[in-house]
Amino acid sequence: MLAAQAAASKKATDPVVLAVGDVLAITDAFVIVSASNTRLVRTIAEEIEEQVAAAGGPKPLRIEGLDDFHWVLVDYGEFVVHVFLQETRDYYELERLWSDVPRIEWEESAASQR
């Protein structure tokens with residue numbers, strides 16, 4: 001998934017893509033990443049937006065969290081990107097909340113596209 005690849009290119013920590021479409025009607029996937037500081041949270045969110053747009057992907061329907069950069073949510077409709085400050089990710093534990101949904105192996109898809 002391009003959003004996870006873009007995040008990884010800016011040193012995002014532990015990118016995870018969850019297939020939530022079968023249990024959540026509003027989107028197909030969550031992309032969850034984290035960063036060690038708020039400046040990096042902002043950089044990662046901007047890089048995802050730039051790479052998705054450059055690939056001809058959709059513009060975000062909405063972006064939230066730009067006021068403090070602890071949790072930036074970028075909603076593309078078909079997928080939602082969550083860029084967390086590491087402490088915030090540890091607190092909310094979205095992966096635990098959505099532990100019953102499958103993970104999408106985004107690294108393999110990136111390697112097969114090369």
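The values are calculated or read from the model by the stated rules, or taken from the named source; none is laboratory data. Predicted model only: the values in this text are computed from it and were never measured. Backbone-built Cβ (ideal geometry, glycine too); neighbour counts: all protein chains shown. Heavy atoms of the whole protein, side chains included, go into the accessibility calculation; ligands, DNA and RNA do not. Shrake-Rupley method; radii C 1.70, N 1.55, O 1.52, S 1.80 Å.
Quick look at the numbers
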| read-out | value |
| --- | --- |
| From the options Asp14, Asp67, residue that is without any contact (Cβ under 8 Å) to a residue 24 or more places away in the chain, among the acidic types (Asp, Glu) and outside any loop (DSSP other than H, G, I, E, B) | Asp14 |
| Among residues of the stretch 20-30, those that are open to solvent by 70 Å² or more (accessible area, probe 1.4 Å), touching a residue at least 60 places away in the same chain (Cβ under 8 Å) and aliphatic (A, V, I, L, M), counted | 1 |
| Residues that are open to solvent by 20 Å² or more (accessible area, probe 1.4 Å), of a type outside the set (Lys, Arg) and not in a loop (DSSP other than H, G, I, E, B), drawn from the stretch 31-48 | Thr38, Leu40, Thr43, Glu46, Glu47 |
| Positions within the stretch 1-19 being more than 16 Å from Tyr76 (Cβ to Cβ) and open to solvent by 10 Å² or more (accessible area, probe 1.4 Å), in sequence order | Ala8, Ser9, Lys10, Lys11, Ala12, Thr13, Asp14 |
| Among residues of the stretch 70-93, those that are farther than 19 Å from Ala6 by Cβ and in a helix (DSSP H, G or I), counted | 5 |
| Matching residues in the stretch 80-93 - criterion: being open to solvent by less than 30 Å² (accessible area, probe 1.4 Å) and farther than 13 Å from Asp14 by Cα | Val80, Val81, Thr88 |
| The stretch 51-74 - residue that is open to solvent by 80 Å² or more (accessible area, probe 1.4 Å) and among the charged types (D, E, K, R) and, of those, nearest to Val33 (Cα to Cα) | Glu64 |
| Subset of the stretch 96-114 that is within 14 Å of the chain's Cα centre (by Cα) and at pLDDT 95 or above - its residue that is nearest to Glu50 (Cα to Cα) | Ile104 |
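Let's see how each residue does on (1) in contact with a Leu (Cβ under 8 Å, 6 or more places away or on another chain); (2) among the aliphatic types (A, V, I, L, M); (3) in contact (Cβ under 8 Å) with a residue 40 or more places away in the chain:
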| position | (1), (2), (3) |
| --- | --- |
| Gln5 | no, no, yes |
| Glu46 | no, no, no |
| Val52 | yes, yes, yes |
| Pro60 | no, no, no |
| Ile63 | yes, yes, no |
| Asp75 | yes, no, yes |
| Val101 | yes, yes, yes |
